[in-house]
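The values are calculated or read from the model by the stated rules, or taken from the named source; none is laboratory data. These numbers come from a predicted model, not from an experiment. Positions of Cβ are backbone-derived with ideal geometry, glycine not excepted, and every protein chain shown enters the neighbour counts.
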Amino acid sequence: MNPYLKRYQDLLKTSDKEKHESAFLFQISVLGIEKPTMQFRFRIDRKWRVDFAWPKYKLAVECEGAIWRKDKFGNWAGAHSHPLNIERDIEKYNALAMEGYYLLRLTEKLIKSGDGSEMVKQFLSGENIKYNHNQMT
């Protein structure tokens with residue numbers, strides 16, 4: 001079997017968002033990163049929440065689940081694939097930015113590889129100038 005086809009088929013499998021969020025929490029605990037606020041509500045006038053946040057650092061993390069899922073008819077069916085949901089996410093993410101937050105959007109791949117938790121570590125420690133919130137003051 002073509003390795004690219006195999007990888008594509010693997011990506012099409014339905015992701016389990018809770019499983020990936022648990023894996024992310026485990027990874028950041030192993031890295032010694034302080035525990036985030038879960039399901040952080042950043043606007044009182046809206047029901048918007050982000051999966052994880054470190055409010056004192058103005059960092060928010062969203063675990064993007066089911067982006068590679070198709071329905072039984074072969075249409076893209078992930079919540080983030082439908083135009084109305086994409087617009088909803090854009091509105092939410094723009095509002096988050098207007099509140100002064102940095103947002104990291106993590107896919108299943110970024111969580112499984114550990115790259116997502118490493119990005120959080122870099123941001124919070126200021127290791128990488130691109131993510132160094134301390135430079136912004």
Subject >> Meets criteria (out of contact with any Cys (no Cβ under 7 Å at 6 or more places or on another chain) and either part of a loop (DSSP other than H, G, I, E, B) or at pLDDT below 90 (or both)) for Ile44 >> reply: yes
**OP:** Scan the stretch 39-54 for residues that are surrounded by fewer than 12 Cβ atoms within 10 Å (Cβ to Cβ) and either within 16 Å of the chain's Cα centre (by Cα) or acidic (Asp, Glu) (or both) and jot them down.
**Re:** Gln39, Asp45
